[in-house]
Amino acid sequence: MADKPSYFITTPIYYVNAAPHLGTAYCTILADVQARFRRAAGYDVKFLTGMDEHGEKVAEAAATHDMTPQEWCDSQAPLFTNLWDTLEISNDDFIRTTEARQHHAVQYLWERMRESGYLYKGSYDGWYCVPEETYFTETQVEKADEERGTKGEHLCPDCGRPLERVQEESWFFKLSAFQDRLLKLYEEHPEFVQPTFRMNEVRSFVSGGLQDLSVSRTTFDWGIPVPFDDGHVTYVWFDALLNYMTAVGYSCDDEASRKEFAYRWPAQCHVVGKDIIRFHCVIWPAMLMAIQEALPESVFVHGFLTVRNAETGKAEKMSKSRGNAIAPQDVIDLLGVEGYRYYFMIDVTHGEDSAISFERMEQVYNADLANSWGNLVSRSLNMSAKYFDGKTPVLPEDWAEKDGVLKRVAEGMYARYAERMEAFDYAGAKDVVMELIHAANHYIEDSAPWAVAKDPERAGELVEIISSLLESIRISAHLLAPFMPTTSAEVLRRMSLEQEVDTEDLAAQCVWGGLASGVAVTKGEALFPRLATEKR
Ligand code: MSP
């Protein structure tokens, strides 16, 4: 526990019914960029991700592979952890709901729920979507079938797949009792659901009235047992949502866990996709209200990566079960890991859906990374090495105070960038950085250092030009680091600034004047070789 503000950010925990694809990786990178930015901005970050291993869907996947559910989950875990390593995900913890800590926390939750008075026993008779692990009432199903023209087929109102009829004894959570308190929460804390238009969606859903929720299953056994009722296992979402608290010590009695929980909870941000908004913005806060725990500060809801269906021409959510999933490796092969991270973070409006296109990926990579950022670094470092004997210029005392076109662009940039980053507007943050990168590239043309270098009388001018360029590069590398950590570290190293990698004071690093004087410069390989379109 450091002497810094805590920033606890989470991704959803992923179902282990299939290998991760671009869509699941997208959500994880989105949270990773925020976690990296917050660390650099001076927060003590805990970044949590993991796997959701219980439920019917996982049990079915295990059965099709002739494995026990636990064997299946164990076999899938490396697919996730290896991909997160490859994609430079900087999570501090990886939770699996089959771990003992989750078992303990969920059973503790049951006891607290029972004490709360918001739990009662009944029987559930209705529809269930296994792929979505979600209940639907007769009325919801009929209405959706009617609208879709599939009357009598009983298809899932959300994903359109066939539903299962479920009749079983069950424990219920009195969700209906929380309507007023939830509406009050949304009213008093409009920042609870972001972006704003998602908040409107949540508010109108809750205004329409809430049904109590069946939270235990009896026709099925792959779940955490209900401690006071044999034969009942926990409904997978009741289990999964709790992971966020389990990971910071909830339910543990030892001193260290209690301290950790007090320090880390509530979370600052849950990053989730729009399909699971009701679980996070309605059910989860109601559960927490029932057991009198603090509510997370915000839920950031992103859209889907979509793929065009060749037959219908319509954009569809990318998913393994729809058979339209693209493997992350295909994009890594094209753009490299850092190009991949950059593209998905800055070319997608994070609240909205976004269609995948390899053409667009190449365009953005070539324009921003090869031609702008990579080119600026390579030209500037080459010139510095050439004109200053393999080094950065020896800087006059007052060089940083001197007015200059690039210094002016850089001034005030951090505040604008940070505001965009905090709002998950990564495209906006990137635009701020690109102002400096573009200005620096223009400055090279305008100031023509190659001509200045020919005239010994203009030596001072040459120092000024090259130092401004290197200083712009130094600041840009810092600001791009949450997106492309390895490239930024490499750029700083090439200017002998390795001590600045992994900064915890980004605002201070962005003040003009941090360049090191007369130190070695490494030209190095091209950071982002231009893509020839035929490479695909
Ligand atoms: N296990 C639950 C989450 C429990 S959190 C307490 C779950 N798992 S999931 O594997 O189906 O989905 C996890 C996340 O991946 C969701 O936020 C979902 O929106 C996201 N995505 C899955 N496919 C996606 C796209 N095609 N595009 C963007 N995100 C997508 O739900």
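Summary of values
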{"read-out": "Amide H partners (placed H, <5 Å) of Gly42, local residues excluded", "value": "Leu506"}
{"read-out": "Using alpha-carbon coordinates, inclination of helix 413-422 to the longest axis of the chain, degrees", "value": "10"}
{"read-out": "Whichever lysines have a C-alpha closer than 20 Å to that of Lys454, once near sequence neighbours (fewer than 8 apart) are set aside", "value": "Lys386, Lys391"}
{"read-out": "Karplus-derived 3J(HN,Hα), 6.51/-1.76/1.60, for each residue of the stretch 395-403, Hz, glycine and proline x", "value": "8, x, 2, 9, 4, 6, 7, 4, 5"}
{"read-out": "Accessible surface, the chain, averaged per residue in Å² (probe 1.4 Å)", "value": "42"}
{"read-out": "Crossing angle, helix 426-447 versus the chain [Cα axis fit, 0-90 degrees, rounded to tens]", "value": "10"}
{"read-out": "Mean ellipticity per residue at 222 nm, deg cm²/dmol - from DSSP H runs of n ≥ 4 across the chain, formula -39500 (n - 2.57)", "value": "-13500 deg cm²/dmol"}
{"read-out": "Length-normalised contact order of the chain in % [C-alpha pairs under 8 Å, at least 6 apart]", "value": "15"}
{"read-out": "Carbon + sulfur, % of accessible area of the stretch 372-495 - ligands and nucleic acids excluded, 1.4 Å", "value": "49"}
{"read-out": "30 Å Cα-Cα reach of Lys317 towards lysines, excluding residues that sit fewer than 8 places from it in its own chain", "value": "Lys46, Lys57, Lys143, Lys151, Lys274, Lys430, Lys535"}
{"read-out": "Rounded percent of accessible protein surface that carbon and sulfur make up, the stretch 6-302, 1.4 Å probe", "value": "49"}
{"read-out": "Partners for Lys174 among aspartates and glutamates (Cα-Cα distance below 14 Å; same-chain residues under 8 apart left out)", "value": "Glu115, Asp212"}
{"read-out": "Dipole magnitude of the stretch 408-491, debye to nearest 20 (Cβ charges: Lys/Arg +1, Asp/Glu -1, about Cα centre)", "value": "140"}
{"read-out": "Sequence-distant residues sharing a close amide H with Phe8 (under 5 Å, placed H)", "value": "Lys46, Gln268, Cys269"}
{"read-out": "J(HN,Hα) series, the stretch 194-201, from Karplus relation 6.51 cos²θ - 1.76 cosθ + 1.60, nearest Hz, glycine and proline x", "value": "10, x, 3, 5, 6, 4, 4, 4"}
{"read-out": "Cα centre as origin, Lys/Arg/Asp/Glu Cβ charges: the chain dipole, Debye", "value": "800"}
{"read-out": "Net lengthening on full extension, Glu169/Asp333 (0.36 nm per residue, minus Cα-Cα)", "value": "54.0 nm"}
{"read-out": "Interchain or long-range residues, amide H under 5 Å from Asp52's placed H", "value": "Tyr14, Tyr15, Val16"}
{"read-out": "Listed residues Leu492, Ile437, Pro449: farthest to the positive end of the dipole of the stretch 358-509 (Cβ charges)", "value": "Pro449"}
{"read-out": "On Cα atoms only, tilt of 485-494 relative to the major axis of the chain in degrees", "value": "20"}
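The values are calculated or read from the model by the stated rules, or taken from the named source; none is laboratory data. Note that the structure is predicted; figures quoted are calculated from it, not measured. With ideal geometry, Cβ positions are generated from the backbone for all residues, glycine too; neighbour counts draw on all protein chains shown. To get the accessible areas, we keep the full protein, side chains included, count just its heavy atoms, and leave off ligands, DNA and RNA. Shrake-Rupley method; radii C 1.70, N 1.55, O 1.52, S 1.80 Å.
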